[in-house]
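Take a look at the structure set out below.
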Amino acid sequence: MTVIEADMNRKPDVPSLDHSFSDPRALRNTIQTVLLWIVALLASVPLFSVLYMLITRGGARLGWEAITALPPAGLEMGGGFGNAIVGTVVMVGIGALISVPLGVLGGLLLGAIAPSSRMSDAVRFVAKVLTGFPSILAGVFVYAWLVLGMGTYSAFAGGVALAVRMIPTVMLTAEQAVRMVPQRMKDAAFGMGCTQTQVALRVTLPTAMPGVLTGVMLAVAGAAGESAPLLFTALFSNYWIGSLTEPTASLSILIYNFSGMPFPNQIELAWAASLVLVLIVLVFNILSRLIGARRV
Amino acid sequence: MSAEGFDLKGDNSISRPPSRGEILADRAFRGIAYASGGLVVAMLAYILWEIGGQAAPAIARDGLGFLTRAVWNPQEHDFGILAEIWGTLYSSILALLIAGFFGVAVAIFLTQDFLDARLARVFRTVIEMLAAIPSVVFGLWGIYVVIPAIRPVANWLHEFLGFIPLFSTPMAGPGMAPAVIVLAIMVLPTVAAISQDAFQLIPYKVKEAAYGMGTTRWEAIQKVMLPTASSGIAASLVLGFGRALGETMALAMLIGNSGQISLSLFSPANTLASLLASQFPEAGALEVEQLMYAALALLGIALVVNIIGTLIMAMSSKQTVS
């Protein structure tokens with residue numbers, strides 16, 4: 001072995017502290033470090049490639065008409081995706097209305113009211129399993145439950161499907177935030193005769209609020225980018241949203257539909273819509289980071 | 001607790017026992033909190049019940065034969081999802097091989113002092129941002145960037161190395177290879193994040209001990225850090241696998257949606273999730289039952305993988321802490 005030879009060439013009892021490249025161990029260390037740098041840089045290429053394409057191809061088409069007009073038909077020129085932006089906002093809003101109260105209450109249960117009860121263990125486990133759940137199954141579930149039940153695709157069904165995806169995220173981040181609240185703050189409140197509810201609502205929740213909001217922002221960002229749950233719950237529509245019980249457009253489904261079309265106009269619009277979608281997602285992501293950073 | 005203990009007459013303290021109303025409100029609120037926790041458990045049960053119930057007629061009609069045949073013919077009511085199960089597992093395993101390599105490498109890069117702390121934070125954000133890009137955007141990017149970029153390479157490989165089963169077909173457009181590449185990119189942040197946690201949980205003195213014995217940085221990483229973090233890395237791979245199995249839109253856009261079983265990287269294929277995405281919107285009532293059965297199969301696979309991943313993660317964090 002070369003390593004042993006190198007060791008034998010050294011004088012006994014005087015450890016060599018040189019960092020010489022002729023030492024195979026040092027050489028191997030350097031080569032592996034260089035390779036690791038290459039691998040790490042390669043791993044960051046996709047993000048920059050995606051952003052570059054979004055800015056050059058999406059940015060070229062992005063304009064007032066693109067974000068306010070209705071989608072064009074077949075060979076028609078111009079058009080935009082205004083209704084899809086509205087649809088995405090409405091459905092993410094419905095999702096948040098359902099998931100935030102449920103998620104925060106669940107988070108309080110897991111983190112403050114009964115942190116180590118068997119009930120909480122079960123809830124925590126299910127929530128963790130649900131975060132890794134295929135998102136399309138949320139769509140299948142809501143299709144079976146609401147679309148077949150109500151007899152129509154609707155913005156409401158789409159919002160519920162998004163809520164199914166958002167609840168575990170909100171709940172688990174709320175739990176983490178609630179757990180960070182120092183025990184002595186809660187003890188002080190208990191010592192004054194507060195009930196658990198008063199402590200949870202007046203002490204724990206306000207203190208944990210930045211962390212809770214981080215989770216909400218992350219869930220909203222994720223939901224805005226979701227498409228699989230909407231595919232056959234909200235479907236798509238070429239018109240402005242009229243009520244919550246009719247098929248509704250969304251940015252992600254528009255991108256999916258337009259990406260496969262043989263018309264350059266639609267493909268340009270798909271890129272522009274992607275840019276808008278990524279901007280929305282990034283804004284909420286950055287918001288979550290800012291709020292989260294304030295806590296520390 | 002009795003109220004007397006609180007009652008110190010003549011004291012200016014704001015402490016006082018809760019009133020009857022407050023105790024009632026407390027009970028009610030705790031009830032609501034328990035109910036919303038219970039709702040999440042109930043939701044999972046209801047998802048299983050609802051999808052299972054819709055799939056029941058198809059299960060009764062086709063039995064297990066549905067899982068072992070590779071046909072999808074709505075005209076003749078002839079259905080089987082073996083090709084989709086194969087495509088799901090094949091694409092996820094290949095993607096996991098790539099994402100596992102890159103993800104663990106990135107985790108080592110970020111946790112073993114290769115970068116100064118500020119640069120490491122920037123780089124970590126770059127990898128985390130990958131997770132924020134919506135699946136459809138990756139699909140669009142795959143169609144217009146990945147497919148044109150790898151098509152010449154793929155066809156060259158087919159021409160000169162076509163005798164290897166992996167390269168046995170030419171690449172026309174959508175297929176396994178672009179789908180796997182994009183899938184790997186989407187799974188990478190999951191693997192990298194959880195592996196990083198595993199490395200960060202290792203006490204610093206372990207590394208110091210290794211350095212103190214005269215190891216180079218890489219010897220310390222390979223012989224000490226990697227084995228110590230291995231259970232966390234295993235959890236990251238299993239959870240990454242779970243994510244890959246369920247990924248839908250990018251695959252529906254890139255894999256070609258053709259139910260065939262082939263080892264070739266360049267032939268079109270299909271996965272369970274993209275079968276659901278492409279067939280569901282225009283399915284007839286009978287086909288919906290079959291699709292529910294397919295959804296149930298996907299649910300079963302994903303549930304098993306996710307439960308294993310969550311359990312490994314719980315075990316590994318306990319192990320490292322103790």
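The values are calculated or read from the model by the stated rules, or taken from the named source; none is laboratory data. These figures come from a predicted structure and were not determined experimentally. Note that we place each Cβ from the backbone using ideal geometry, even for glycine, and neighbour counts take in every protein chain shown. Quick note on the areas: whole protein, heavy atoms, side chains included, nothing else; ligands and nucleic acids left out. Shrake-Rupley method; radii C 1.70, N 1.55, O 1.52, S 1.80 Å.
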Requested in this report: Return a yes/no flag: does the stretch B:216-224 have any residue that is at pLDDT below 90, hydrophobic (A, V, I, L, M, F, W, C) and in the same structural domain as B:Phe114 (by TED's automatic domain parsing).
Outcome: yes
Query - Count - residues of the stretch B:277-313 that are open to solvent by less than 50 Å² (accessible area, probe 1.4 Å), small (Gly, Ala, Ser) and farther than 16 Å from B:Gly246 by Cα - result: 2
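Could you list, in sequence order, the residues of the stretch B:208-262 that are of a type in the set (Val, Ile, Thr) and either outside any helix (DSSP H, G or I) or within 10 Å of chain A (Cβ to nearest Cβ) (or both)?
Result: B:Thr215, B:Thr216, B:Ile221, B:Val238, B:Thr248, B:Ile255, B:Ile261.
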Query raised in the report: Does at least one position in the stretch A:160-167 carry a residue that is without any contact (Cβ under 8 Å) to a residue 12 or more places away in the chain, open to solvent by 10 Å² or more (accessible area, probe 1.4 Å) and of a type outside the set (Phe, Trp, Tyr)?
Result: no
Query raised in the report: Pick from A:Ile255, A:Ile267, A:Ile286, A:Ile291: which is β-branched (Val, Ile, Thr) and open to solvent by less than 10 Å² (accessible area, probe 1.4 Å)?
Result: A:Ile255
Report summary line: Filter the stretch A:114-125 for residues that are more than 15 Å from B:Ile308 (Cβ to Cβ) and assigned to a helix (DSSP H, G or I); the one that is nearest to the other protein chains (Cβ to nearest Cβ) is A:Val123
Report summary line: Of (1) within 24 Å of the chain's Cα centre (by Cα); (2) within 25 Å of A:Leu279 (Cβ to Cβ), A:Val142 fails just (2)
Report summary line: When (1) within 24 Å of the chain's Cα centre (by Cα); (2) closer than 29 Å to A:Leu51 by Cβ; (3) surrounded by fewer than 19 Cβ atoms within 10 Å (Cβ to Cβ) are applied to B:Ala149, the one that fails is (1)
Report task. Can you work out which of the residues in the stretch B:49-63 that are facing chain A (nearest Cβ under 10 Å) and surrounded by fewer than 16 Cβ atoms within 10 Å (Cβ to Cβ) is farthest from B:Met292 (Cα to Cα)? Result -> B:Trp49
Requested in this report: Would you check if there is a residue in the stretch A:248-264 being over 14 Å from A:Thr88 (Cβ atoms), away from chain B (no Cβ under 11 Å) and in a helix (DSSP H, G or I)?
Outcome: yes
Query - One residue from A:Ser120, A:Ser99, A:Ser116 being buried (at least 18 other Cβ atoms within 10 Å of the Cβ) and free of Cβ contacts under 8 Å to residues at least 40 places away in the same chain - result: A:Ser120
Report summary line: The helices (runs of 4 or more DSSP H) lying wholly within the stretch A:132-244 that contain at least 3 residues that are within 14 Å of chain B (Cβ to nearest Cβ) and over 20 Å from B:Arg30 (Cβ atoms) are A:135-142, A:155-179, A:205-225
Requested in this report: Output yes when any residue across the stretch A:56-63 is at pLDDT 85 or above and not in a helix (DSSP H, G or I), and no when none is.
Outcome: yes
